[in-house]
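Asks: Here you go, one structure.
The values are calculated or read from the model by the stated rules, or taken from the named source; none is laboratory data. All values derive from a computational prediction rather than experimental measurement. All Cβ positions, glycine included, derive from the backbone under ideal geometry; neighbour counts span all protein chains shown.
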Amino acid sequence: MAILTIVKHPAEILEKECKQVTQFDKNLKQLLKDMYETMVAADGVGLAAPQIGVDQQIAVVDIGDERGRINLINPIIIEKSGEQTDIEGCLSFPRLYGTVSRPYYVKVQAQNMKGKTFIIEAEDYLARAIQHEIDHLHGVLFTSKVLKYIDEEELEGYEEQ
Ligand SMILES: [Zn+2]
């Protein structure tokens, strides 16, 4: 078990296009495990590899629903529809929150830790979390999409991604 250090903005790694994963080995499995533990320890619902200083297209998401932990490797959004606007935060921007509009539904193609391709469909909050993490893999930060920043007192209980 290892809790990794979360990279805070500003940092170059947070604003670059991450590399595709090509090696599906035990190092990747360990990295996913460490990322998940780091995310849980930080009370987050998602974490992307650049947030722990790793330049690779890897993210973990767990919004605490029945789907549990979702590992996303080389994810691509292949379909999206609708719209939702809600408050977001980010583990790389402590104590910063703002409203962001995103598609309500996404269909994502990704690989699992063994390199097997799968499709995941998500709506609402899970779709938001997945899109937030995929953005990280392309150097896109939620601050570039914030419509309005929110004061900390207004948001008791929002989790960071
Ligand atoms: Zn984030």
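Asks: Please count how many residues of the range 115-161 are of a type outside the set (Val, Ile, Thr) and within 16 Å of the chain's Cα centre (by Cα).
Replies: Going residue by residue through the range 115-161, those that are of a type outside the set (Val, Ile, Thr) are 115-116, 118, 121-129, 131-133, 135-139, 141-142, 144-145, 147-149, 151-161.
Filter once more, keeping what is within 16 Å of the chain's Cα centre (by Cα): 121-129, 131-133, 135-139, 141-142, 144-145, 158-161.
Here the count works out to 25.
Asks: Which of the residues spanning the range 115-150 are part of a loop (DSSP other than H, G, I, E, B), over 22 Å from residue 51 (Cβ atoms) and touching a residue at least 24 places away in the same chain (Cβ under 8 Å)? First the steps, then the outcome.
Replies: Kept after step one, since they are part of a loop (DSSP other than H, G, I, E, B), are these residues of the range 115-150: 115-116, 138-141, 145.
Remaining after also requiring over 22 Å from residue 51 (Cβ atoms): 115-116.
Hit for the range 115-150 is 115, nothing else.
Asks: For residue 77, are the conditions met, namely being of a type outside the set (Gly, Ala, Ser), within 15 Å of the ligand (Cβ to nearest atom) and surrounded by 15 or more Cβ atoms within 10 Å (Cβ to Cβ)?
Replies: no
Asks: If only one of 50, 94 is within 12 Å of the ligand (Cβ to nearest atom), under 16 Å from the mean Cα position of the chain (by Cα), closer than 28 Å to residue 150 by Cα and modelled with pLDDT of 95 or more, which one is it?
Replies: Checking each option against the conditions leaves just 50.
Asks: A further question on this structure: Taking the range 53-74 as the search range and keeping residues that are more than 16 Å from the ligand (Cβ to nearest atom) and at positive phi, which one is surrounded by the most Cβ atoms within 10 Å (Cβ to Cβ)?
Replies: Among residues in the range 53-74 that are more than 16 Å from the ligand (Cβ to nearest atom) and at positive phi, the one surrounded by the most Cβ atoms within 10 Å (Cβ to Cβ) is 74.
For every residue, the table says whether it meets (1) part of a strand (DSSP E or B); (2) over 13 Å from the mean Cα position of the chain (by Cα); (3) modelled with pLDDT of 95 or more.
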| site | (1), (2), (3) |
| --- | --- |
| 27 | no, yes, yes |
| 35 | no, no, yes |
| 59 | yes, no, yes |
| 71 | yes, no, yes |
| 99 | yes, yes, yes |
| 113 | no, yes, yes |
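Asks: Further question: How many of the residues making up the range 80-91 are under 16 Å from residue 133 (Cα atoms) and away from the ligand (no atom under 16 Å from the Cβ)?
Replies: 1
Asks: Then there's this: Name the single residue, out of those in the range 127-161 being surrounded by 15 or more Cβ atoms within 10 Å (Cβ to Cβ) and at pLDDT below 95, that is nearest to the ligand (Cβ to nearest atom).
Replies: Among residues in the range 127-161 that are surrounded by 15 or more Cβ atoms within 10 Å (Cβ to Cβ) and at pLDDT below 95, the one nearest to the ligand (Cβ to nearest atom) is 161.
Asks: Say whether the condition of being in contact (Cβ under 8 Å) with a residue 12 or more places away in the chain, under 15 Å from residue 135 (Cα atoms) and of a type outside the set (Val, Ile, Thr) is met by at least one residue in the range 25-40.
Replies: Checking the range 25-40: not a single residue is in contact (Cβ under 8 Å) with a residue 12 or more places away in the chain, under 15 Å from residue 135 (Cα atoms) and of a type outside the set (Val, Ile, Thr).
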